[in-house]
Amino acid sequence: MDTMGIIFSNVHDGDLKELTEMRTFASVPFGGRYRLIDFVLSNMVNSGIHNIGIVAKANYMSLMDHLGNGREWDLDRKRDGLFIFPPFARQDPDIGVYKGRLEALAGILTYIRRSAEKYVVLANSDIICNMNYRDVIRYHEEKEAEITVIYRKMTVSESNAPRCTYFYFDPDQRLSGMAVRPPYGGEQNVSFNMVVMERGLLEHIVKEASAYHYQSFDRDFLQRRCRDFKVYGYPFEELYLRINSIAGYFDANMRMLDPATRNELFYSHGSIYTKVRDEIPARYPGESMTRNSLIADGCVIEGEVEDSVLFRGVHVGKGARVKKSILMQDTRIGENACLTYTILDKDVVILPERILTGYGSYPVVISKGSIV
Amino acid sequence: MPVKKECIAMLLAGGQGSRLGVLTKSMAKPAIPFGGKYRIIDFTLSNCTNSGIDTVGVLTQYQPHELNAYIGSGKPWDLDRMNGGVRILPPYIRGKTGQWYKGTANAVYQNIPFIDQYIPDHVLVLSGDHIYKMDYSRMLEAHKDNDADCTIAVIDVPIKEASRFGIMDIHPDGSICDFEEKPKNPKSTKASMGVYIFKWPVLKTYLELDEQQEHTANDFGKNIIPAMLAGKQRMFAFSFQGYWKDVGTIENIWDASMDLLDPLESLILSDSKWRIYSNHPTDPPHYLGKDARVRDSLLAGGCSIFGRLENSVISHRVLVESGAAVVSSVIMSGARICAKASVSYAIIAEDAVIGEGAVIGGLPLSGCSGHPKISLVGGGIFVRSGSQVSPGSIVEQDI
């Protein structure tokens, strides 16, 4: 496909504060063995996009480690492939690291200019779905659009509204206006922060934005100029999970326990790829009372696990009870410990007999490497 | 130009494994799935890479497609190297002649030009159908310390099983005084593991000599080793302690799988310093349903389990529906065990479907001694609802 992709890895860092202290939003672990970026990256690859740039901003060590040379996504190509862009440190101390998408894109303008593809897809990694970008490009061409934005019609609660962008369309799906982080909810066309346009147009927009010192793609460009361009909305109707808060992250992981969700996410348009760790299959020595849970390779389960997601290499000791929890890579749960509504980051150790309890809308988050 | 290597490995992977019947109908023995996410050849390939041997020739002949596709560039084992790496070596035509590999020694003989290009001092000859973890670099050290022409890895086996192996009679200094292939009355319990290190110039001479013989099986154990002993070459044994299993029969595969579940067995796959690598698809973690019961089992990614598992090894993308029970069995990837089916003491090969309520195998009769009878359902086979497969029988077509 004659399309390149650009993924922004740090955009939503603030939404998952506890989990993004040491990593980018894009490299937050998800679903037992994945990182959030695996979904958008695999979708692009499965849609025939083989030239993908990833824009990093801060704490990107885990992201670099995860992506490597892109081999697991079949992106270790001689031509094109995967490009990771750490922030470009400018000499001018007043400018510093970029703010907003437009400045980030200005930093990689040479990469955009030197690429040969006709179209470019811009995306974040906060939407988990199995999307075929070929369909979006086809829609873009059918509408003879200059810019296509992807959205979903849904009901938004007032508390969630300040994390959303709404689109307003005329009857032909052409964008007529938009609201960025509004204070109100209701039934809305919510932006996926995914945009398709011709590469030449993106170049033009980025150059123009530099001239006016514009930073935000949504506020400074799309909102002001939407009537000057032919901008159309592409409704994504299939299953998606959006991560924009710790509670949302928790719910999205719990949704993965549903077989239909997993089928649609992992097998509908193509596989979701991730870094391989060569762990052994999970072991259940003795009788285990594990129910309704996802258990990754390398786990050893001796206790009780219910309604939970366990990443690779987790050890649950004898008599321990884990309920409604997300245990990341290599966490260790001591004997007779008891966890309910918790999110344990990587390498956390829970000593024997400890009891931790959160609440569905406010799970307890224990940060990386802590010992409880 | 290839760079000179001190030691390269030649891995014999052409074995048909005729005693494995339907399991090897479409693949060579080393390609047989094992332990949930591995294939048997992973052990040898991982041993090579973990021992610092970065040049491996894989000699294939029987049903090579599955193995070729699996090994690919060698990347999963870190064997995609600029100099060396893994190379698949099938038999080929030279000029107007050309022939199949007539035996293990002939297979290496036919690839003398491949070996010569690395100008190796030593050649490690391996079999692709053994399950074990071994540091070949320590064996190479011993080989060099002894200034040996040939070093053979040996393992102690029970005397009653010794006549199944090549048995070595060893001097106190470790040198070999006698070697007998499958002796009726074994003199010792030191069995050859099929792991040899040779000085390459010496081996080359013996391969060429063997090729000129009229009555030869072109086999390392039957011809090359006895000829070298007769020729008074410096031959030493290298004792290996640890887990080693030859998987020649269905029972062997079942036993080795059950060993993975036994905490007292010495085959520990979870050792991060000696990892066994494999080439497998990325699957989501496995899912245990609300009524799943799992006991003493090993589960790979992508499985969905709604029934009961006990003492079993389950590969990726296996589905066990609710009410189904899998006991003391090996289920290979993509297989489906439908509702209320019962599978015990069985091996279910890749993508087989066991229909609703079908009963495969069974508990060994009480009081019966020896090995339980293992049932086998071949790859992709469909067993209709309600069918019964008696213990020890092999299903080769849909029933």
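The values are calculated or read from the model by the stated rules, or taken from the named source; none is laboratory data. What you are looking at is a predicted structure, and each value in this text was computed from that prediction instead of being measured. So basically every Cβ, Gly included, is an ideal-geometry build from the backbone, and we count neighbours across all protein chains shown. Ligands, DNA and RNA are excluded from the accessible area calculation, which covers all protein heavy atoms including side chains. Shrake-Rupley method; radii C 1.70, N 1.55, O 1.52, S 1.80 Å.
Can you confirm whether the stretch A:125-133 contains a residue that is open to solvent by 10 Å² or more (accessible area, probe 1.4 Å) and modelled with pLDDT of 90 or more? Within the stretch A:125-133, one or more residues are open to solvent by 10 Å² or more (accessible area, probe 1.4 Å) and modelled with pLDDT of 90 or more.
Which residue, of B:Ser266, B:Ser257, is farther than 19 Å from B:Ala142 by Cα and outside any loop (DSSP other than H, G, I, E, B)? Step through it out loud before you land on a result.
Values: B:Ser266 fails: outside any loop (DSSP other than H, G, I, E, B).
It is B:Ser257.
Cβ-Cβ contacts under 9 Å between residues 6 or more apart (or on different chains), taken from a first residue in the stretch A:237-250 that is outside the structural domain of A:Leu36 (by TED's automatic domain parsing) and assigned to a helix (DSSP H, G or I) to a second residue that is among the basic types (Lys, Arg) and surrounded by 17 or more Cβ atoms within 10 Å (Cβ to Cβ), are absent. When the stretch A:281-293 is filtered for residues that are at the interface with another protein chain (Cβ under 7 Å from one of its Cβ atoms) and either crowded, with 24+ Cβ neighbours inside 10 Å or over 27 Å from the mean Cα position of the chain (by Cα) (or both), the ones remaining, listed by number, are A:Pro281, A:Ala282, A:Arg283, A:Tyr284, A:Pro285, A:Gly286, A:Glu287, A:Ser288, A:Thr290, A:Arg291, A:Ser293. Residues satisfying the criterion are present in the stretch A:333-341 (criterion: among the hydroxyl-bearing types (Ser, Thr, Tyr) and part of a loop (DSSP other than H, G, I, E, B)). No other residue among B:Gly194, B:Gly174, B:Gly166 is open to solvent by less than 30 Å² (accessible area, probe 1.4 Å) and under 28 Å from B:Ser270 (Cα atoms) apart from B:Gly194. A count restricted to the stretch A:151-180 and to residues that are out of contact with any strand residue (DSSP E or B) (no Cβ under 7 Å at 6 or more places or on another chain) and closer than 22 Å to A:Leu241 by Cβ stands at 7. Of all residues being open to solvent by less than 40 Å² (accessible area, probe 1.4 Å) and without any contact (Cβ under 8 Å) to a residue 24 or more places away in the chain in the stretch A:165-187, which is nearest to A:Glu144 (Cα to Cα)? Just the residue, please. Once the filter is applied, the top-ranked residue is A:Ala179. All of B:Asn106, B:Asn111 fail the test of being within 21 Å of the chain's Cα centre (by Cα), within 16 Å of B:Asp219 (Cα to Cα) and not small (Gly, Ala, Ser), apart from B:Asn106.
Name the one entry in A:Val316, A:Val305 that is within 18 Å of B:Ala292 (Cα to Cα), within 12 Å of another protein chain (Cβ to nearest Cβ) and open to solvent by less than 50 Å² (accessible area, probe 1.4 Å). Break it down into steps so the answer makes sense when it comes.
Working: A:Val316 fails: within 12 Å of another protein chain (Cβ to nearest Cβ).
Unique residue meeting the criteria: A:Val305.
Contact annotation: residue pairs with Cβ atoms under 8 Å, 6 or more positions apart or on different chains, pairing a residue in the stretch A:193-212 that is under 18 Å from A:Val149 (Cα atoms) with a partner that is open to solvent by 30 Å² or more (accessible area, probe 1.4 Å) and part of a strand (DSSP E or B), are A:Val196/A:Tyr234. Residue count for the stretch B:228-244, restricted to those that are within 21 Å of B:Asp271 (Cβ to Cβ) and either among the aliphatic types (A, V, I, L, M) or open to solvent by less than 30 Å² (accessible area, probe 1.4 Å) (or both): 2.
For every residue, the table says whether it meets (1) in a strand (DSSP E or B); (2) buried (at least 18 other Cβ atoms within 10 Å of the Cβ).
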| site | (1), (2) |
| --- | --- |
| A:Asp135 | no, no |
| A:Tyr151 | yes, yes |
| A:Glu158 | no, no |
| A:Asn193 | yes, yes |
| A:Val196 | yes, yes |
| A:Val206 | no, yes |
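Within the stretch B:253-287, restricting attention to residues that are over 22 Å from B:Asp135 (Cβ atoms), out of contact with any strand residue (DSSP E or B) (no Cβ under 8 Å at 6 or more places or on another chain) and charged (D, E, K, R), the residue that is nearest to the other protein chains (Cβ to nearest Cβ) is B:Asp283. Among the residues of the stretch A:24-47, just one is in a loop (DSSP other than H, G, I, E, B) and open to solvent by 10 Å² or more (accessible area, probe 1.4 Å), namely A:Arg33.
For every residue, the table says whether it meets (1) open to solvent by 40 Å² or more (accessible area, probe 1.4 Å); (2) farther than 30 Å from A:Ser361 by Cβ.
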| site | (1), (2) |
| --- | --- |
| A:Met22 | yes, no |
| A:His50 | yes, yes |
| A:Ala56 | no, yes |
| A:Leu63 | no, no |
| A:Asn69 | yes, yes |
| A:Arg77 | yes, yes |
| A:Asp80 | yes, yes |
| A:Pro87 | no, yes |
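Count of the stretch B:198-227 residues, restricted to those that are closer than 20 Å to B:Ser127 by Cα and of a type in the set (A, V, I, L, M), is 5.
The residues in the stretch A:266-279 that are facing chain B (nearest Cβ under 8 Å) and either open to solvent by less than 20 Å² (accessible area, probe 1.4 Å) or of a type in the set (Lys, Arg) (or both) can be counted, and the count is 3. The strands (runs of 3 or more DSSP E) falling completely within the stretch B:288-394 that include 2 or more residues that are away from chain A (no Cβ under 14 Å) and crowded, with 23+ Cβ neighbours inside 10 Å map to B:346-348, B:375-377. Selection within the stretch A:1-20: residues that are in a loop (DSSP other than H, G, I, E, B) and either closer than 17 Å to A:Met64 by Cα or without any contact (Cβ under 8 Å) to a residue 12 or more places away in the chain (or both). The member of this set that is most open to solvent (accessible area, probe 1.4 Å) is A:Val11.
Which of the residues belonging to the stretch A:255-275 are closer than 20 Å to A:Ser293 by Cβ and not in a helix (DSSP H, G or I)? Passing the criteria: A:Met256, A:Leu257, A:Asp258, A:Ile272, A:Thr274.
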